1. Read through the labelled values (1) 27.5, 86; (2) 23.2, 78; (3) 31.6, 105 and report the label of the one computed as Rg and Dmax of the Cα atoms in Å from the structure.
2. How large is the charge dipole for the chain, taken about the Cα centre, if only the Cβ atoms of Lys, Arg (+1) and Asp, Glu (-1) carry charge, to the nearest 20 debye?
3. For the range 116-177, with the dipole built from +1 on Lys and Arg beta-carbon atoms and -1 on Asp and Glu ones, taken about the Cα centre, which of 173, 136, 149 lies farthest toward the positive end?
4. Given labels modelled 7 Å from the Cα in the Cβ direction, how far is it in nm from residue 389 to residue 274?
5. Tilt of helix 99-113 relative to the longest C-alpha principal axis of the chain, in degrees (0 to 90, nearest 10)?
6. Which one of 266, 289, 239 has its Cα pushed farthest toward the positive end of the charge dipole of the range 215-339, where Lys and Arg give +1 and Asp and Glu give -1 at the Cβ?
7. Looking at the range 234-315, which GluC sites (Glu not before Pro) are DSSP coil and have at most 12 other C-beta atoms within 10 Å of their C-beta?
8. Compute the separation of the alpha-carbon centres of the range 503-564 and the range 334-370 and state it in Å as a whole number.
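Bear in mind these aren't lab numbers, they're just calculated from the coordinates by the rules spelled out. This one's a predicted model, so the numbers in the text were calculated from it and none came from an experiment. In this analysis, Cβ positions are derived from the backbone assuming ideal geometry, glycine residues included, and neighbour counts consider all displayed protein chains.
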Amino acid sequence: MAQEGERDGLTGLYGHKTFRDMVDSLLKAKEHAAQGDFRSALVYFNVENFKHYNQRYGFVAGDTLLQHLAASVVEAFPNSICARYAADQFAVFAQVANVSDSVKQVRAAFRNEHKDTSIWLRAGYYMLLPSDDDAGVACDRAKLACDELRGRRDAFICEYDNALQHEIQWRRYVLEHFDEALENGWLRAYCQPIVRVATGETCDVEVLARWLDPVEGVMPPLEFIPVLEEARIIHKLDLAILRDVCESCRELENAGKPYLSLSINLSRLDFELCDIVSEVKKILDEYGIPYHRVAIEVTESALVGNHEFLGDEIDRFRSAGFEVWMDDFGSGYSSLNVLKDYTFDLVKIDMAFLRGLDKSEQARIMLAKVIDMAKELGLKTLVEGVETKEQYDFLRSLGCGRAQGFYFGRPSPLPLSLVGEKNETHPAAEMLGKRDFYEDVGRVNLMRPDPHPSVDGHYLPSDVAASIIRRRDGRYEYLNTNGLFEKFLKDSEGGSIRDSERAINDEGNMRRARFVNAVEETSRTGEWARYSVDVAGSSIVVRMRLISREDKYRAVAVLVIVDESYVAVGV
């Protein structure tokens, strides 16, 4: 290959223009055809975070780094055209049998010479085709492959292939048609039900974005949201989706149809690109939507870094009357720190905790402990990704407040998901007047139903058999029951939850009178009421305390716990 032309003064490699001209000549002369196992490739290197390196160690050290890298590139790609393509970027036109091996050699030399892990090397490459005749296009493709790794530490080499080409074309399509989609109403709000675990009724809906493209059809969020985030225009989408759902809510309100409370997702970039608190309030004010009817979901990953600013913004939302939910809890490594550093109303537990729940005791223990911890912190709980009845039943035994997933319903278009009636895709909606009643029920921690301080003032939990029972229109129902209480029913009554439910609703049953008297006493006083039950020849005290009452609907919820002595007798 030719070796004449303008050279870079620092590294001795070719400059950008000379490199392009030389490669262009070779391509047009068709001198890049494969020879045996050797194929022509264009490779592009970039030093990630090089500016930081210069600032930390000085420009002399930075120049030395570039000189070492240039020498490593020449050594790994002998008899090739090598260039310093830009300040901290290098390009190579080579005929090699295995591009990855040569790139790995450069990377190993780079890391051996420079131990500072705040900088790292990434590379992209493009395997030239016989039809290629434009050096600029080939260089751009190798650079695009390299740029795919921007910010990543888990990969260092990427090939520009058909899959990457399709992905890049797709990003271009999204960005070129985004404004058109906004203008024509192709970006629409869909809603997925959030279910009250105790009742199985829809209590909220999560608002999700869908792109209804006339060419591509219904586009799920993962196909366009990352593109809009990278382009730093995601706030335009989020505000458009909020406006769409608010418009539907106003139409329902005008028609006399109640709508459920909403949760909306915000990106970290929303907080950076605009005054998102003011923008959200402005849209809600325009449509007359009360702030307390909207919860703001913020993902765990969005909360890493810049704690003071984001904490202030969350506090602004909460001070205005919004609830703020932590989304995807457990999906990253910083979950506990996030709970410690920010103030939330609800923690939304990532679906990963449900995977393998039917086979893994570890998964069941971890999910139980997460719900336990959240409730002890005074947070409401929601588990997403519920797909089976077994998973739902397990969440009921833990006293989890809310659940979401395909078991209850998939995202559906507005306005069906908002109507306070049963529809084809979502469970029946909770009556709005009962919301506070069930919020009280959801705050009870069935795993630690009666915590009490020790003599020296330190907190001590009391893990006992516990259940939550509702009286509605004169009939008693078990809403949530932990495993130890189920065992208590079997030991004391010889039956299941359903058997006990029939007994306490049977006016001829002897146990009913003691139970009903205790309900009436705690309903009247708000204090603990007590009655005794025989278990294995011992008299066990059962305590009952009022959780909540709703006189309009003649509903009462009580917490029932079994005296600790049952553990010694029954287990």
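1. (3)
2. Numbers: 70 positive and 93 negative charges, 262 e Å.
Charge dipole of the chain: 1260 debye, to the nearest 20.
3. 149
4. So the label points at residue 389 and residue 274 sit 4.6 nm apart.
5. Orientation of helix 99-113: about 80 degrees from the principal axis.
6. 289
7. Numbers: sites: 247, 251, 253, 272, 279, 286, 297, 300, 308, 313; in loops: none.
For GluC sites (Glu not before Pro) across the range 234-315 that sit outside H, G, I, E and B with at most 12 neighbouring Cβ atoms in 10 Å, the list is empty.
8. The range 503-564 and the range 334-370 have Cα centres separated by 32 Å.
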